[in-house]
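Colleague: Attaching a single structure in structure tokens format; questions to follow.
The values are calculated or read from the model by the stated rules, or taken from the named source; none is laboratory data. Computed from a prediction, not measured in an experiment: that's the story for all the values here. Note: ideal-geometry Cβ built from the backbone for every residue, glycine included; neighbour counts use all protein chains shown. Just the protein is used for accessible areas: all its heavy atoms, side chains included, with ligands, DNA and RNA removed. Shrake-Rupley method; radii C 1.70, N 1.55, O 1.52, S 1.80 Å.
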Amino acid sequence: MESDLGSKRDGLKDNEDLRFLLDGAKLTKIRSKSWHKSRYFNLMEDCRTIMCSSKKLGKKGNTFLIEDIESVRKGRQTEGLKKHTDPDEEEKCFSIMFKGSKKNLDFMVNSKEEAHRWVTSLEKLMNHAQNLSKKQEREHWFISCMRKADKNKDNKMTLKELKHFLRQVNIEVNDTYVEEIFKKCDTSNSGTLEDLEIEEFYSLLTKREEIDVIYEKYAKTEGEMSARDLLDFLLNEQREQATMESALKLIEKHELDEAAKQKKCMTKDGFVMYLNQEDGCIFNPAHSPVYQDMSQPLNHYFISSSHNTYLMEDQLKGPSSTEAYVKALMKSCRCVELDCWDGPNGEPIIYHGYTLTSKILFKDVIRAIKDYAFKTSPYPVILSLENHCTVEQQQLMAHHLIDILGSALVTKPLGDTMPANLPSPEELKGKFLVKGKRLNKLDAMFSNNNTTVEEDSVSEEDEAADCKENDQKAKAKKAKIKLAKELSDIVIYCKSVHFGGFEHARDNQSFYEMSSLKESKAFQLADASATAFIHHNMDKLTRIYPAGSRTDSSNYNPVPMWNVGCQIVALNFQTNTKEMHLNQGRFLPNGFCGYILKPEFQRSPSSQFNPQSLTEGPWLQKKVLHVLVISAQQLPKLNKDKQNSIVDPLVKVEIQGVAADIDKKTTHHIENNGFNPTWNTKFEFPISVPELALLRFVVEDHDSASQNDYIGQYCLPLTSVQNGYRHVPLLTKRGDIIPSAGLFVHIMLMDQK
């Protein structure tokens, strides 16, 4: 079954780390103080699946795929290991963290050297899997499905096994076609397929006619694409600013055949490789690193923001966890929320007040934030405090913030004089900002008459008051809380103030003072006073949060809030629905760093932009987006337990942006083909404000009797879309890439005539 295909796939045959994982070993799996059990842990022969079983080389046990692992953590970094192991066993512990909601695995081994070996070996295998080309991924997936179909494990495929395999890869074909393809490949007339016959079967099955047509149109040099032919394709079809030099670079980068490379030509395999890599992706690779100006004031950026960050599930009885902060930060979230209450033994805790959600220590959360804040982005993290604590526990909160975060915590304005505006993300790299109440004006820090106030009463945070109003039917009058000077003093650039209207804010609010608005209030303001809202956000920060009635942790649509320039549009990161997909799409460019520079017309004081009523101005760039949905490849099978369940895919193409641009169109569904369905369906979308538009593709399994099932989606800003024939990756609901799946489309954004 391996054949040359398998050898080319893994490229790891003689790797020591791979051999270590294949041999496996006995580990101690830890679930509680009393649950420490020996488990045999090894990589299976497909170099992709890991088994954890109670017996050595056991045939039964729990399995998972390498691509399901999010990270491997050395030491006692999880809540479980901290709680259930001793500190002196730190170096013998490690954890496997999974994507999505799958629970992490905590292990302990006999020595720190062994723990190090497990961590480094798993990380190398993960890096190898991540670096596979699309072609290798598909071969990898193909072989994995073949293994499942090879019932007697003889590395040969009978006709019956071939039919089972086709169901595994999500394709329904009639028996006559299966028999034809089997006979064509069975050149030895043995009644089974093996070695090169399997490779021939793979080639026939993965043939892409739609790409053949494009390649043959431009391959004018002895049946291959010369550098000149490729340049013609890049200029005419992809509409790129290409040169002969860039065409030669693509051949060097993607061509697999050395003889073709020497002739400066691209074969069909090289062309397919190009289309499936980042150069052929719908997302512009020039927007993949940080490419925007990061030296503007903080309020000139959209900032990826989380609401009730500590929750893993719903708002009433779900678990709170430091892991929720880690997950949000690793998704480049740059504003996290801490709902702080008095805890036992004088230690402040975090949980969702007036509910049955579990509680975690404030200091543990700050430690987790410190450890993971800057792993995916170097730009500042805002700690949004919702403070319900007594003065004594507030003082301890301040102590923990200063002690744990150290010099990374901003405790005074940058520079020696009172600033006139917010600093930039660039100036605040690697820094933490505290958002909360403050006893006095920031100017007092630079005044000779700075009178010291040890503590005083301030109004509650707007969100805290809303929370009380929902849960206790309290009167509308805002409650007061005592605020400790120590906590007040570390609130520098994000002082929370009550919103009293745009006119009041213009006359009374300083640049470092910001308001939090409930979604209903914010949407009302956006509808009634969009231009005033945009101007308010030109020199001040605004945070929007979900209504307290969203007890299921659902989300509101963030797009209308971005349309009026709100920076901190806080969403429940734990809820993986369309709203979070839009958020992921919005923050996909610029290095996925959590900061996106707002369009010029949302930053310029002379702007009269109104997303509700479009008038002439620099924001109005009338375009037409032409989308041809051509085909899909290797869509995942949804009901893996049902042998005969094959998907009937359809594609939805959506535009989100200003009201005039919102649109959605849907292809017809293809029956019983998730392997290589073809639509060739054309859509047109008129676009008025491309700088605020998001393009989203959603693939669903058609069901005439009930709601369609989700297969995958991809969302990105229209300004980051590449024209021409493009590959569209597909993501799970949780935002993880589906390794072998994708759409093939043709895109053209043109001026309206």
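Colleague: Mind listing the long-range amide H neighbours of Ala479? Cut-off is under 5 Å, sequence gap 5 or more, other chains count too, H placed in the peptide plane at 1.01 Å from N.
Modeller: Glu460
Colleague: Translational diffusion coefficient, Stokes-Einstein: compute it for segment 552-695 using the Kirkwood radius over C-alpha pairs as Rh, at 4 °C and 1.567 mPa s, and state it as an integer in µm² s⁻¹.
Modeller: Translational diffusion coefficient: 73 µm²/s.
Colleague: Additional query: Work out which helices of the chain, taken as complete DSSP H runs, extend at least 18 Å along their axis over the Cα atoms and score a mean Kyte-Doolittle of -1.0 or more, then list them. Intermediate results must be reported in sequence, preceding the final value.
Modeller: On the way: long enough: 112-130 (27 Å, -1.12); 134-149 (22 Å, -1.41); 391-405 (21 Å, 0.29).
Within the chain the helices that satisfy the rule are 391-405.
Colleague: Right, another one. Excluding residues on the same chain fewer than 8 positions from Lys263, give the aspartates and glutamates whose Cα lies under 12 Å from its Cα.
Modeller: Correct list for Lys263: Glu222, Glu224, Glu252, Glu255.
Colleague: Which Cα, out of Cys93, Met51, Leu81, lies furthest along the positive dipole direction of segment 43-96 (beta carbon charges, K/R +1, D/E -1)?
Modeller: The listed residue farthest towards the positive side: Met51.
Colleague: Any chance you could tell me what percent of the C-alpha pair distances in the chain go past 44 Å?
Modeller: Cα-Cα pairs of the chain separated by over 44 Å account for 33 percent.
Colleague: Additional query: What size of dipole, in debye to the nearest 20, comes out for the chain about its Cα centre when the only charges are +1 on Lys and Arg C-beta atoms and -1 on Asp and Glu C-beta atoms?
Modeller: About 1440 debye.
Colleague: Report the label-to-label distance for Lys151 and Thr615 in nanometres (one decimal), using points 7 Å from each Cα along the Cα→Cβ vector.
Modeller: In this crude label model, Lys151 to Thr615 measures out at 7.4 nm.
Colleague: So which GluC sites (Glu not before Pro) in segment 561-621 are both in a DSSP loop and have at most 10 other Cβ atoms within 10 Å of their Cβ?
Modeller: Glu616
Colleague: Modelling each spin label as a point 7 Å along the Cα-to-Cβ direction, I'd like the Lys249/Lys480 distance in nm, to one decimal.
Modeller: Rounded to a tenth, the inter-label distance reads 6.5 nm.
Colleague: I've got another one for you. Output the pairs from Lys151/Lys207; Lys102/Lys370; Lys217/Lys264 with a Cα-Cα distance over 20 Å in this structure; if there are none, say none.
Modeller: On the way: Lys151/Lys207 26 Å; Lys102/Lys370 24 Å; Lys217/Lys264 18 Å.
Violating the 20 Å limit, Cα to Cα: Lys151/Lys207; Lys102/Lys370.
Colleague: So, one more: Taking 45 Å as R0, compute the FRET efficiency from the Cβ-Cβ separation of Ser203 and Ser111 and round it to 0.05.
Modeller: In this case the efficiency is close to 0.40.
Colleague: Continuing with this model, one more query. Counting only Cα atoms, I'd like the Rg/Rh figure for segment 15-131, Kirkwood definition for Rh.
Modeller: Rounded to two decimals, Rg over Rh is 0.93.
Colleague: Name the trypsin sites (Lys or Arg not before Pro) in segment 303-407 that are in a loop by DSSP and that have at most 15 other C-beta atoms within 10 Å, would you?
Modeller: Numbers: sites: Lys317, Lys327, Lys331, Arg334, Lys359, Lys363, Arg367, Lys370, Lys375; in loops: Lys317, Lys331, Arg334, Lys359, Lys375.
Qualifying residues, ordered by number: Lys317, Lys359, Lys375.
Colleague: Now for a different question. Over segment 364-449, consider all pairs of different Cα atoms and compute the Kirkwood hydrodynamic radius from their mean reciprocal separation; express it in Å, one decimal. Can you show the working numbers first?
Modeller: Values: mean 1/r = 0.0692 Å⁻¹.
Final number for the Kirkwood radius of segment 364-449 is 14.4 Å.
Colleague: By how many nm would the segment from Leu256 to Asn508 grow when fully extended, if each residue of separation counts as 0.36 nm and the alpha-carbon distance is taken off?
Modeller: Length gained, Leu256 through Asn508: 84.2 nm.
Colleague: For segment 338-408, what is the per residue volume of the convex hull drawn over the alpha-carbon atoms, in cubic angstrom?
Modeller: Taking the convex hull of the Cα positions in segment 338-408, it is 95 Å³ per residue.
Colleague: Still on this structure: What shape does segment 280-420 have by the C-alpha gyration tensor, where a ≥ b ≥ c are the square roots of the eigenvalues, rounded means a/c under 1.5, and otherwise prolate means a/b greater than b/c and oblate the rest?
Modeller: Oblate is the answer for segment 280-420, as a/c is 1.5 or above yet b/c matches or exceeds a/b.
Colleague: If you count only protein heavy atoms with a 1.4 Å probe, what accessible area per residue comes out for the chain, rounded to a whole Å²? Walk me through the numbers before you get to the answer.
Modeller: On the way: 32710 Å² over 753 residues.
Accessible area per residue: 43 Å².
Colleague: For the chain, what does -39500 (n - 2.57) per DSSP helix run (n ≥ 4), summed and divided by total residues, give at 222 nm, in deg cm²/dmol to the nearest 500?
Modeller: Estimated from H runs of four or more residues: -8500 deg cm²/dmol.
Colleague: Now a separate question. How many lysine pairs does segment 623-751 hold where the Cα atoms are under 20 Å apart and the two sit 8 or more places apart or on different chains?
Modeller: 13
Colleague: Using modelled amide H (1.01 Å from N, peptide plane; none on Pro or chain starts), what sits under 5 Å from the amide H of Leu541, excluding residues fewer than 5 places away?
Modeller: Answer set, sorted by chain and number: none.
Colleague: Another question, if that's okay. Through the Karplus equation 6.51 cos²θ - 1.76 cosθ + 1.60, θ set to phi - 60°, convert the phi angles of segment 87-98 into ³J(HN,Hα) values in whole Hz; use x for Gly and Pro.
Modeller: Karplus-based 3J(HN,Hα) across segment 87-98 equals x, 6, 9, 3, 7, 9, 9, 7, 9, 9, 9, 9 Hz.
Colleague: Turning to a different aspect of this structure: Counting pairs of alpha carbon atoms under 8 Å apart in space and at least six apart in sequence, what relative contact order in percent does the chain give? Don't skip to the answer; put the middle values down first.
Modeller: Details: 1514 pairs, mean separation 82.4, N = 753.
Across the chain, relative contact order equals 11 percent.
Colleague: Still on this model: Please compare each pair in Lys431/Lys485; Lys431/Lys518; Lys26/Lys317; Lys327/Lys359 to a cut-off of 25 Å on the Cα-Cα distance and tell me which ones are over it.
Modeller: Lys431/Lys518; Lys26/Lys317
Colleague: Output wanted: per-residue J couplings in Hz (rounded whole) for segment 657-673, from phi through Karplus 6.51 cos²θ - 1.76 cosθ + 1.60, θ = phi - 60°, x for Gly and Pro.
Modeller: For segment 657-673, the Karplus curve yields x, 5, 3, 5, 9, 5, 7, 8, 9, 10, 6, 6, 8, 9, 7, 6, 8 Hz.
Colleague: In whole Hz and in residue order, list the ³J(HN,Hα) couplings for segment 485-497 that follow from phi through the Karplus curve 6.51 cos²θ - 1.76 cosθ + 1.60, θ = phi - 60°; x for Gly and Pro.
Modeller: So the Karplus estimates, Gly and Pro as x, are 4, 4, 6, 4, 5, 9, 8, 10, 9, 10, 7, 6, 9 Hz.
Colleague: Pull up all non-local amide H partners of Gly24: gap of 5 or more, or a different chain, and H-to-H distance under 5 Å with H placed in the peptide plane.
Modeller: Counting only residues 5 or more places away or on other chains, the set is Leu43.
Colleague: Then there is this: Assuming R0 = 35 Å, what is the FRET efficiency of Ile402 and Asn557, from their Cβ-Cβ distance, to the nearest 0.05?
Modeller: For Ile402 and Asn557, the calculated efficiency is 0.35.
Colleague: Continuing with this model, one more query. Ranked highest first by the average count of other Cβ atoms within 10 Å around their residues, in what order do 434-441, 205-212, 525-532 fall?
Modeller: Descending packing order for the listed peptides: 434-441, 525-532, 205-212.
Colleague: Could you rank the peptides 505-516, 720-731 by their average count of other C-beta atoms within 10 Å per residue, with the highest value first?
Modeller: Output ranking for 505-516, 720-731: 720-731, 505-516.
Colleague: Over segment 209-280, what is the relative contact order in whole percent, taking alpha-carbon pairs under 8 Å and six or more residues apart?
Modeller: Result for segment 209-280 is 28 percent.
Colleague: At a temperature of 10 °C and a viscosity of 1.306 mPa s, determine how fast segment 625-753 diffuses translationally according to Stokes-Einstein, using the Kirkwood radius over alpha-carbon pairs as Rh; express D in µm²/s, rounded to the nearest whole number. Kindly include the intermediate steps, with their values, before the conclusion.
Modeller: Values: Rh = 15.2 Å.
The diffusion coefficient I find is 105 µm²/s.
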